[in-house]
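Have a look at the structure below before the remarks.
The values are calculated or read from the model by the stated rules, or taken from the named source; none is laboratory data. For clarity, every value in this text was computed on a predicted model and none was experimentally measured. Cβ atoms come from the backbone with ideal geometry, glycine included; neighbour counts cover every protein chain shown.
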């Protein structure tokens, strides 16, 4: 359950030694392990014109360094709301969220979100400028340092040749890869992804899953990933939290590290899909 991820960069390496290249910084990054993110007895609510609606109820889980932790549940179960709460955009009505032992009280550069929408990139900036700009603002890097780091992560997502292209010239999948590169370049403690591939066609979605897993193998970031696809959860995640229909409650927590993109046709994979479907949609009494 506990992994040893490599930090994307030592947090002060580029600032303290401009001669240190991005590749060297990544190669010499320190390792971390242990509990990173703690969600404890969390309930979330939102207000409509008529009433207050409870989105999630009494949810608890831990994410460890290097985890690929998936929030899985049907539409309306509050999983995206939960992700936004971890990002600091929504204040809990009960319970708490802690990162590195410190309570989350708002947005921060230690938690970066990649959303489902393709149009996350300012259209007047080139691809490399889209990645470099938030680095200069949030990380206080020089123009040269931000440019170097942006190019490094563009290469990681296979888009180095498109550094000077504008977003409108890219496909949906390419835009998502740029968004992932931009998020990783910020050195987040946790990368948050809210159904990032849901709007892609089936072939592109599978390719993006492969690219995400390849990138994780290379960089070993910590991932909190939202999906309503059981198959995607099994392939992308090494741990899965199952949430009940509205309001979202924890149904079960499962390990899925044994599966990969090559598992789709296997009998044990299909049995796991069927079991998860049963856990998600059967009455609570039937799954206890």
Exercise. Residues in region 178-186: is at least one modelled with pLDDT under 95, over 22 Å from residue 134 (Cα atoms) and assigned to a loop (DSSP other than H, G, I, E, B)?
Worked result: no
Seminar exercise, completed: By my count, strands (runs of 3 or more DSSP E) wholly in region 215-279 with at least 3 residues that are in contact with a helix residue (DSSP H, G or I) (Cβ under 6 Å, 6 or more places away or on another chain) are 223-227, 239-243
Problem set entry | Wholly enclosed strands (runs of 3 or more DSSP E) of region 40-116 bearing at least 1 residues under 20 Å from residue 251 (Cβ atoms) | 52-64, 68-72, 94-99
Exercise. Can you find a residue in region 147-158 that is under 16 Å from the mean Cα position of the chain (by Cα) and not in a helix (DSSP H, G or I)?
Worked result: yes
Exercise. Does residue 137 count as in a helix (DSSP H, G or I) and surrounded by fewer than 18 Cβ atoms within 10 Å (Cβ to Cβ)?
Worked result: yes
For this session: For residue 164, work out the one condition from (1) out of contact with any helix residue (DSSP H, G or I) (no Cβ under 6 Å at 6 or more places or on another chain); (2) closer than 21 Å to residue 261 by Cβ; (3) modelled with pLDDT of 90 or more it doesn't fulfil.
Result: (2)
Seminar exercise, completed: Per the filter on region 196-214, residues surrounded by 20 or more Cβ atoms within 10 Å (Cβ to Cβ) and within 22 Å of residue 37 (Cα to Cα) are 196, 212
Seminar exercise, completed: Exactly one of 145, 120 is at pLDDT below 90, out of contact with any strand residue (DSSP E or B) (no Cβ under 7 Å at 6 or more places or on another chain), over 30 Å from residue 278 (Cα atoms) and crowded, with 16+ Cβ neighbours inside 10 Å, and that one is 120
Exercise. Can we say residue 173 is over 30 Å from residue 62 (Cα atoms), surrounded by fewer than 20 Cβ atoms within 10 Å (Cβ to Cβ), touching a residue at least 12 places away in the same chain (Cβ under 8 Å) and under 20 Å from the mean Cα position of the chain (by Cα)?
Worked result: yes
For this session: Just give me the residues in region 101-110 being out of contact with any strand residue (DSSP E or B) (no Cβ under 7 Å at 6 or more places or on another chain) and loosely packed, with under 15 Cβ neighbours inside 10 Å, in sequence order.
Result: 101, 102, 105, 106, 107, 109
Seminar exercise, completed: Within region 80-100, the count of residues that are over 18 Å from residue 45 (Cβ atoms) and either crowded, with 17+ Cβ neighbours inside 10 Å or without any contact (Cβ under 8 Å) to a residue 12 or more places away in the chain (or both) comes to 1
